[in-house]
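Following: one structure in structure tokens, then a few remarks.
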Amino acid sequence: IAAQDYSHKCAHIIHKIDNSESHFRHNVARAMLADNKRDFILATQEYFRLGLDEIAAIREQSDELLKLAVACCILSPAGPRKARAMALLMKEERVKSQEFYGLMEKFFHGEIIRPADVKDFQKSLKEHQNVENLDGYTVLKKAMIEHNIQTVSRIYMNITFKQLGNFLGITETQAEECVARMVTEKRIEAVLD
């Protein structure tokens, strides 16, 4: 919270400073704040933009920033914003050499994601990215479930919540709650009976 307050104060005066290094450091701090607040879409966009910056190349931070962009993109909630962010990352050649590019590619192509697919990725997550939310899911587990719901919605015209829950490895009630939330937020098109 204190870091965010200082970042907001700095944002009001940073435009007066004629030092690209200071601007870069401020933008990295803003991206890290978005990441820590679990606003993974914004963090993805910021890390990606900074990873392409010439100052990042000079400081040899491009790979690290692009790796963070890929991680945040995978962790972001399923929906159109994630799809757009993934499309940008998939077009960049330097992202293809990142460690978890293959996992992001599975997300991008709408493949079903199994727990075994994310085992190594989960080990690489930072502490704030691996925290369990109030709903009992980690950020990664929730991203997997939402992605798989989106994928299943493209395959099935009708499916019961019990079948969906079994498929996702969650209860019938949890499947219903997750689908209802995604429909309400207009991240998938579905009719609940």
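The number of residues in the stretch 137-193 being in contact (Cβ under 8 Å) with a residue 40 or more places away in the chain, surrounded by 15 or more Cβ atoms within 10 Å (Cβ to Cβ) and under 25 Å from Glu127 (Cβ atoms) comes to 6.
Within the stretch 45-64, restricting attention to residues that are under 17 Å from Met90 (Cα atoms) and hydrophobic (A, V, I, L, M, F, W, C), the residue that is modelled with the highest pLDDT is Phe48. Is it true that some residue in the stretch 27-38 is closer than 30 Å to Ala180 by Cβ and assigned to a loop (DSSP other than H, G, I, E, B)? Yes, the conditions are met somewhere in the stretch 27-38. Put simply, of Arg30, Arg38, Arg81 the only residue that is of a type in the set (Lys, Arg) and over 22 Å from Asn133 (Cβ atoms) is Arg30. Criterion first (farther than 30 Å from Val191 by Cα, among the polar types (S, T, N, Q) and either out of contact with any Gly (no Cβ under 8 Å at 6 or more places or on another chain) or modelled with pLDDT of 90 or more (or both)) does Gln163 satisfy it? No; evaluated as a whole, the condition is false for this residue. Entry remark, the stretch 70-108: residues being over 20 Å from Val152 (Cβ atoms) and of a type in the set (Val, Ile, Thr) number 2 in total. The set of residues in the stretch 89-136 being open to solvent by 30 Å² or more (accessible area, probe 1.4 Å), of a type in the set (A, V, I, L, M, F, W, C) and more than 13 Å from the chain's Cα centre (by Cα) consists of Ile112, Ala116, Val131, Leu134. Under the condition of being free of Cβ contacts under 8 Å to residues at least 40 places away in the same chain, of a type in the set (Val, Ile, Thr) and open to solvent by less than 10 Å² (accessible area, probe 1.4 Å), the residues counted in the stretch 33-87 number 1.
The values are calculated or read from the model by the stated rules, or taken from the named source; none is laboratory data. Bear in mind the structure is a predicted one, so any value in this text is a computation, not a measurement. As a convention, Cβ positions derive from the backbone with ideal geometry for all residues, glycine included, and neighbour counts pool all protein chains shown. To get the accessible areas, we keep the full protein, side chains included, count just its heavy atoms, and leave off ligands, DNA and RNA. Shrake-Rupley method; radii C 1.70, N 1.55, O 1.52, S 1.80 Å.
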